[in-house]
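Structure, as structure tokens:
The values are calculated or read from the model by the stated rules, or taken from the named source; none is laboratory data. Just so it is clear, the model here is predicted, and its values are computed rather than measured. Glycine gets a Cβ as well: all are built from the backbone with ideal geometry, and neighbour counts include every protein chain shown. With ligands, DNA and RNA removed, areas are computed over all heavy atoms of the protein, side chains included. Shrake-Rupley method; radii C 1.70, N 1.55, O 1.52, S 1.80 Å.
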Amino acid sequence: MVSILDQLSADIKRVPHQYTYGKVSAIQGMLVQISGIQGHLSIGDRCFIRARESRFVPCEVVGFREGAALAMPYGTLDGVGLGARVEVTESEAVIRPDPSWLGRVINAFGEPIDNAGPLRQGDLAYPVRSSPPPAHARNRVGEKIDLGIRALNTFLTCCRGQRMGIFAGSGVGKSILMSMLARYSSAPVIVIGLIGERGREVQEFIQDDLGEEGLARSVVVVSTSDESSLVRREAAYMTMAVAEYFRDRGNDVLCLMDSVTRFAMAQREIGLSAGEPPATKGYTPTVFSELPRLLERAGPGTAEGSITGLFTVLVEGDDHNEPISDAVRGILDGHIVLDRTIAQRNRYPAVNILRSVSRSMPDCNSETQNEIVNRARQLLSAYEDMAELIRLGAYRRGSDPLVDEAIHFFPMIDGFVGQGVNERSELEQGYQELSDILGMSYP
């Protein structure tokens, strides 16, 4: 445990030597215009507005206009008026992570919210918004990672340092799939970002879905839906910064973020408030520039560690070609599609195998493993092509030998892909079970 004296000593060392002040010259909606500090602020800098009753409102600079800085608050503007003093104390948001952060729940500013005492501060400062590692210096993706879910381990094999998207509409099982990944993955360190999460579900996720064993190797970053757009966006950056710290310590980190769509929505709110023109479906241009800057931070590092990223994407109106889905799919190394029609027939996880892709396959598999997976995909595809005729009873057995085989094997393969919430499946076990179903030999 960190003593109060040690924590106080560390805080005193970080007190700035001087302060710069400006004043509020205008307020429009959630946008605050700050004058008198030209040359002292830049985009992304933080400042504090002194409100009534000595309350300080943290803000972030999002733009400039006519010689004044434009800032948005992290909280409410209650008690802030014209002429209110603005204090500039830091130029860059940084955190000082420590291995003892494992098992803790923090907010978008790296502060503990689990009533378990203060967080120990490390020696190295990590910027919350850092650049991805240089492309020419990054390692290649590593060996396969056991995600503990049969459908993903066999049909959508993921390697260490790979980045995958989980695409689904609302109520199709994204959060349940994320909880299974957090519990059953073989990754030694897990960093979970709950971006814009429902407040009532946070404790349920931590206590029921993650559990004590899962929490012990995890850091959970929480930003609820009632918090400002700046806080929701900051939580995504904080998640990546914590993951980068553990990666640099040589760990293979599993980074789970739910969801990228809420990050994009938060950036859209910020852009529109700052006066950006709306582009596709109201999303501003900075949304599409910030997405790769966030997602590219995951992946292999330049040394031993890596960040394997699994990011959920809320597909609006079940349209998988809507702007955010299309942009994220082009950045990541594969996509896992959850299908509402599969969920409606009560098969979970509702992964649509034929519409999902892992770009590390087939290179990461052995020849025997690829033969098993390809055979199963062939049968699923043949069944899907004739599914309507089969359901209507219009297909006559014997018309196509491959379709006859597909009809025979489909219930068994579909049952194999389904998995209970409290059931774990190991990597090699999945290939063995699938080969037994298909009558193929597997060493």
Any hit, the range 435-443, residues being acidic (Asp, Glu), closer than 22 Å to Leu156 by Cβ and in contact with a helix residue (DSSP H, G or I) (Cβ under 7 Å, 6 or more places away or on another chain): no
Does at least one position in the range 271-287 carry a residue that is within 16 Å of the chain's Cα centre (by Cα) and farther than 14 Å from Val62 by Cα? no
For residues that are in contact (Cβ under 8 Å) with a residue 40 or more places away in the chain and over 18 Å from Ala125 (Cα atoms), scanning just the range 206-220, find the one that is farthest from the chain's Cα centre (by Cα). Ala216
Is it fair to say Arg375 is in a loop (DSSP other than H, G, I, E, B) and open to solvent by 10 Å² or more (accessible area, probe 1.4 Å)? no
Would the range 391-408 turn up any residue that is touching a residue at least 60 places away in the same chain (Cβ under 8 Å) and in a helix (DSSP H, G or I)? no
Would a scan of the range 46-63 turn up a residue that is among the basic types (Lys, Arg), in the same structural domain as Ser218 (by the TED database) and either at pLDDT below 90 or not in a helix (DSSP H, G or I) (or both)? no
Could you count how many residues in the range 153-177 are open to solvent by less than 10 Å² (accessible area, probe 1.4 Å), among the hydrophobic types (A, V, I, L, M, F, W, C) and over 23 Å from Gln432 (Cα atoms)? 5
Considering only residues that are farther than 17 Å from Cys158 by Cα and of a type in the set (D, E, K, R), which ones fall in the range 280-324? Lys281, Glu290, Arg293, Arg297, Glu304, Glu316, Asp318, Asp319, Glu322
Just name the residue that is least open to solvent (accessible area, probe 1.4 Å) out of those in the range 83-105 that are among the basic types (Lys, Arg) and not in a loop (DSSP other than H, G, I, E, B). Arg104
Selected residue (criterion: most open to solvent (accessible area, probe 1.4 Å)) from residues of the range 21-79 that are within 25 Å of Thr224 (Cα to Cα) and acidic (Asp, Glu): Asp78
With (1) within 17 Å of the chain's Cα centre (by Cα); (2) over 23 Å from Phe416 (Cβ atoms) as the list, and Gln121 as the residue in question, which single condition is left unmet? (1)
Answer with yes or no whether Arg150 is more than 16 Å from the chain's Cα centre (by Cα) and either buried (at least 23 other Cβ atoms within 10 Å of the Cβ) or assigned by the TED database to the domain that holds Val260 (or both). yes
With respect to the numbered conditions (1) open to solvent by 10 Å² or more (accessible area, probe 1.4 Å); (2) under 25 Å from Thr286 (Cα atoms); (3) not hydroxyl-bearing (Ser, Thr, Tyr), which one is the sole condition not fulfilled by Ala108? (1)
Any idea which of Arg262, Arg233 is in contact (Cβ under 8 Å) with a residue 24 or more places away in the chain and open to solvent by less than 20 Å² (accessible area, probe 1.4 Å)? Arg233
Tell me, which residue of the range 197-220 that is more than 15 Å from Asn107 (Cβ to Cβ) and either assigned to a strand (DSSP E or B) or of a type in the set (S, T, N, Q) (or both) is least open to solvent (accessible area, probe 1.4 Å)? Ser218
Can you tell me which condition Pro134 does not meet? The list is (1) crowded, with 16+ Cβ neighbours inside 10 Å; (2) touching a Ser or Thr at 6+ places or on another chain (Cβ under 9 Å); (3) of a type outside the set (Asp, Glu), and all the others hold. (1)
